[in-house]
1. In the full protein assembly as shown, how much of B:Thr66 is accessible to a 1.4 Å probe, in Å² to the nearest 10?
2. Run the quick spin-label model on A:Ile9 and B:Asp30: label points 7 Å from Cα toward the beta carbon, then report their separation in nm to one decimal.
3. If A:Thr80, B:Thr73 are ordered by their accessible area, calculated over protein heavy atoms with a 1.4 Å probe, which sequence runs from highest to lowest?
4. Can you work out ³J(HN,Hα) from phi for every residue in the range A:150-157, in order, using Karplus 6.51 cos²θ - 1.76 cosθ + 1.60 and θ = phi - 60°, giving whole Hz and x for Gly and Pro?
5. For the pair A:Val16 and B:Phe190, what calculated FRET efficiency results from E = 1/(1 + (r/R0)^6), where r is the Cβ-Cβ distance and R0 = 25 Å, to the nearest 0.05?
6. Just tell me how shielded B:243-249 is by partners: mean number of partner chain Cβ atoms within 10 Å of each residue's Cβ, no decimals.
7. Between A:Leu73 and A:Gln34, what is the label-point separation in nm under the 7 Å Cα-to-beta-carbon projection?
8. Near the amide H of B:Lys113, under 5 Å away, which other amide H atoms are found, from residues 5 or more places off or on another chain, if H is placed in the peptide plane?
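The values are calculated or read from the model by the stated rules, or taken from the named source; none is laboratory data. All values reported here derive from a predicted model rather than from experimental measurement. Note that each Cβ is placed from the backbone with ideal geometry, even for glycine, and that neighbours are counted across all protein chains shown. With ligands, DNA and RNA removed, areas are computed over all heavy atoms of the protein, side chains included. Shrake-Rupley method; radii C 1.70, N 1.55, O 1.52, S 1.80 Å.
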Amino acid sequence: MKTSTKIWIGVAIVAVLLIFWIIGGYNTFVSLDQNINSKWSEVENQYQRQADLIPNLVSIVSSAVKVETNFTLSVVQARTNWQAATTQAQKDQAGVEMNNGIGAFVNAVAEAYPTLQANKQYIALTDELSGTQNRITVARGEYIKSIQAYNTATKRFPSNILAKVFGFSGKDYYKADVNAITTPSLGTGILP
Amino acid sequence: MVYKKRAIFICFFSILTFLVLNFSILYASDYPTPTNKYVNDFAGIFSQPQTAYLQALLAEVEQNSTAEIVVATINDCTQDYVGYAYNLATNWKIGKADKNNGFLILYCVTQKKLVAQTGYGLEGLLPDSKIGRFMDEFYVPLRDKNQTAQGIIDFSTQIAKVINDNKEEVISGQAAKPQTDFFTVVIIIFVIYMLIARILGSIYKNKKRRDWPWFIPIFLPFPSSGTNSSSGFGSGGFSFGGGGFGGGGASR
């Protein structure tokens, strides 16, 4: 075999490997990106599930004990904010606030109306709520992990070259403060 | 020539070792390695007959329904005991991979908490409120009488009963998630190596330097997209089916 033929074969092999690498790399970025979306939709599902539980919570609490409307106001408001949120960052912020609002509400109710602790419906609902809160934590954790995986791929050598070429830039994730909300102000527990 | 061959050999295996290590790091963990498929009493709160009873009960459940219920006791689950329970359940991969029908019952001694974690596939059968109710009915009264171990057993029996009573539903399970096995990945990498070496080797058949193509560097520049790609590889001692958890459950 002539030396020039050898060189051409070498070049062809390198070219084929490079093409495979580019295709594989591009597809990896696409699936990492898709993964982020699917992880986010799970977060949204769980927030939605939580939002759906709020009317039950309010109705059970207000049918069992006499509560002032401003007692339930903040938790209902948190739900409305969640429903009104449009962007991902807004949704997550509103979701976290709703999450914290429910926690604060449940604590406040437990303190102000100890008799509710014996109400089976109420206990069942709080179990569902805390289960959902935990699911949200899990789903958000998975979502953040998926973004980290994507960002790592865009920064790591040599995949960062491909990321630049195809325009896959790093993504920011919104980190809402989980303990940002304050306890809702308690009424006297007597309806006006 | 001998030196060259040795160099090639070392080069090839160091690349392979690197890849293997790269994967293994994903499975390192701070959680204890399970020693038994059904009862992992790390805190030592069960008596011999109690352990034997639980093992028989949970083995029967798995035989009947394929669901994997695990009872574990841990001395210190940290303050976030629910998070700990979730991490333990996902770490051990309790439940069948295609059905996600694992169920973890964890007692944290320091925190004095009983936590249950439900695999995805059992969430319909055992919603959080039901688990909480079972805890209130079967565990809490005994716990308050200082019979925690018996309370956990009674609660576990109740969960086992629900799964046994609905075994058809559990067996039919959820849709299987596609999973890449760790060994498949290694084998594929190995096969690609062999193929390329073979092809290049045959091209240069007439030449004496038949072995140089081993040097072609194939590297994995992209992180593997599935972190849960292996079922029961890294945990070392004992492995479960590879089931997933979403964080559902209850605690008392």
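1. Surface open to solvent at B:Thr66 totals about 40 Å².
2. 5.5 nm
3. Ranked list, largest accessible area first: A:Thr80, B:Thr73.
4. 5, 5, 4, 5, 6, 9, 6, 7
5. Efficiency for this residue pair is about 0.80.
6. Mean inter-chain Cβ contacts per residue within 10 Å come to 5.
7. Computed distance between label sites A:Gln34 and A:Leu73 equals 4.8 nm.
8. B:Cys108
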